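Reviewing the structure listed below.
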Amino acid sequence: TPSPTEEPAVTAPSTPAERSTPEARETDEVASGGGEGPTVCLDPGHGGKDLGKTIYDAEGEIIVTESELVLAQAFELQGRLEAQGLTVVLTRTEDELVNASGEDVNGDGEVGEDGSSTELDDLQARINVCNAAEADLMVSLHINGSENEALRGYEAWYTEGRPFSEDSARITQLIHDALAEEIAASGYETISRGWADDSMLFPGDEGTFDNLVLTGPSVPGKIEASQMPGVIAETLFLSNEDDAAYLQTPEGKEAIVTAYESAI
């Protein structure tokens, strides 16, 4: 998952109003429908060989994966949003990476081993789906995980410094607050890890990226950026026993999907 797993809860920033301030490539993974309202691009994280956080039984068999849980959430959310007249695009509709064919989508000359996708190519493919749809909003659905099984709770991230960052901050706060409300209303007790811009995820790093790729700016030779407000949400920890149990219940799915729906 694209957020830190060992850090303490983030501190919510001030409200957006108080803060200072390519041509896309369509893929066969696009699935859209709905009315004539704004277009929302839903990005169920991971897929295919990239399972995301995974729970195994004592025999090493898979019990549940992040990739399947967020895809199920995305399908349910798509139906609800379309019923309200929104147009919805999904970056993936199957248990596959978006760049399932392993192409050099970002044009950096690098491809994965054995015909698989590199992480950057798959992220670029997701961005391209949203850009090709001329989406008004991108929401990337994730579930957190950590080697520290005590970590739990929900959080959400956006990128500051983009032309539409105020809108990105707004949807990030709305999703965080809606998760707090819906999870509590369902009777489950966990914690808020806050919402924030992603600059705190890269303290002093000297790597290629200073932001989360999906919501960040273009990086020449590496990534052509998304062209709409966006948020990456981490709804609880699959590595935490209590959070994981709740995530697999109908009540958990209902609370999370309803939170996304009301925020959007």
Query raised in the report: Along the charge dipole of the range 174-257, which of 190, 240, 212 sits closest to the positive end, that is, farthest toward it, with unit charges on the beta carbon of Lys, Arg, Asp and Glu (+1, +1, -1, -1)?
Result: 212
Report task. Show me 39-48, 202-211 ranked by packing, highest mean number of other Cβ atoms within 10 Å first. Result -> 39-48, 202-211
Query raised in the report: According to the square roots a ≥ b ≥ c of the eigenvalues of the Cα gyration tensor, what is the shape class of the range 50-100, taking rounded for a/c under 1.5, prolate for a/b larger than b/c otherwise, and oblate for the remainder?
Result: oblate
Requested in this report: Kindly write out, for the range 178-188 in residue order, the coupling ³J(HN,Hα) from the Karplus curve 6.51 cos²θ - 1.76 cosθ + 1.60 (θ = phi - 60°), rounded to whole Hz, with x marking Gly and Pro.
Outcome: 5, 4, 4, 5, 6, 5, 5, 5, 7, x, 9
Query raised in the report: How large is the charge dipole for the chain, taken about the Cα centre, if only the Cβ atoms of Lys, Arg (+1) and Asp, Glu (-1) carry charge, to the nearest 20 debye?
Result: 780 debye
**Report entry** Debye log10 I(q)/I(0) for the range 78-206, one point scatterer per Cα, at q = 0.20, 0.21 Å⁻¹
**Finding:** -1.39, -1.39
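Provide 87, 235 ordered by accessible surface of protein heavy atoms (probe 1.4 Å), highest first. Mind showing how you got there, number by number?
On the way: 87 30, 235 0 Å².
In descending accessible area the options line up as 87, 235.
Express the carbon and sulfur contribution to the solvent-accessible surface of the chain as a percent, rounded to the nearest whole number, probe 1.4 angstrom. Display every interim value, and only then the final one.
Numbers: 5300 of 11840 Å².
Roughly 45 percent, rounded to a whole number.
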Query raised in the report: Could you sort 62, 183, 55 by accessible area so the largest value comes first, with the probe set to 1.4 Å?
Result: 62, 55, 183
Report task. Over the chain, average the accessible area per residue using a 1.4 Å probe and give it in Å², no decimals. Result -> 45 Å²
**Report entry** Integer Hz, Karplus 6.51/-1.76/1.60 couplings in order for the range 193-202, x for Gly and Pro
**Finding:** 9, x, 9, 6, 6, 7, 4, 6, 7, 10
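The values are calculated or read from the model by the stated rules, or taken from the named source; none is laboratory data. Being a predicted model, the structure only gives us computed values, none of them experimental. With ideal geometry, Cβ positions are generated from the backbone for all residues, glycine too; neighbour counts draw on all protein chains shown. SASA here: full protein model, heavy atoms, side chains in, ligands and nucleic acids out. Shrake-Rupley method; radii C 1.70, N 1.55, O 1.52, S 1.80 Å.
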